[in-house]
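One structure is given here, and the rest of the page talks about it.
The values are calculated or read from the model by the stated rules, or taken from the named source; none is laboratory data. On a predicted model such as this, the values are computed, not experimentally measured, just so you know. Reconstructed Cβ throughout: ideal geometry from the backbone, glycine too, with neighbour counts over all protein chains shown.
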Amino acid sequence: MVMDSAWSFLEISPEVEEKLNGPGYEEIRTGVFVSEEDAYEYALERVSQDEDLKQEFREMVVEWFYSVNWIKED
């Protein structure tokens with residue numbers, strides 16, 4: 001196939017191939033894949049780019065962190 005031969009010069013390193021075949025998360029609409037190893041950094045990067053998402057994330061983290069051994073006082 002012509003397309004196969006055109007791209008045959010591209011070789012994937014074993015480290016990259018392992019990441020692509022390993023556990024992780026795939027975005028349903030775009031097919032973007034993020035390995036488990038990179039998931040935290042990717043999420044923080046995406047959140048920091050969107051002010052509405054940043055505020056929502058902040059509220060979730062605060063609610064989660066203080067949900068166990070803390071009592072909210074007004």
Original post:
In the range 24-40, how many residues are part of a loop (DSSP other than H, G, I, E, B) and not polar (S, T, N, Q)?
Top reply: 5
**OP:** Residue by residue through the range 62-74, note down the ones that are in a helix (DSSP H, G or I) and either of a type in the set (Val, Ile, Thr) or under 20 Å from the mean Cα position of the chain (by Cα) (or both).
**Re:** VAL62, TRP64
**OP:** Determine if the range 13-21 includes at least one residue that is in a loop (DSSP other than H, G, I, E, B), out of contact with any Pro (no Cβ under 8 Å at 6 or more places or on another chain), exposed (fewer than 10 other Cβ atoms within 10 Å of the Cβ) and modelled with pLDDT of 90 or more.
**Re:** no
Original post:
Within the range 43-61, can you find the residues that are among the polar types (S, T, N, Q), loosely packed, with under 11 Cβ neighbours inside 10 Å and part of a helix (DSSP H, G or I)?
Top reply: none
Original post:
Given VAL47, VAL32, VAL68, which one is of a type outside the set (Lys, Arg), in contact with a Phe, Trp or Tyr (Cβ under 7 Å, 6 or more places away or on another chain) and modelled with pLDDT under 95?
Top reply: VAL47
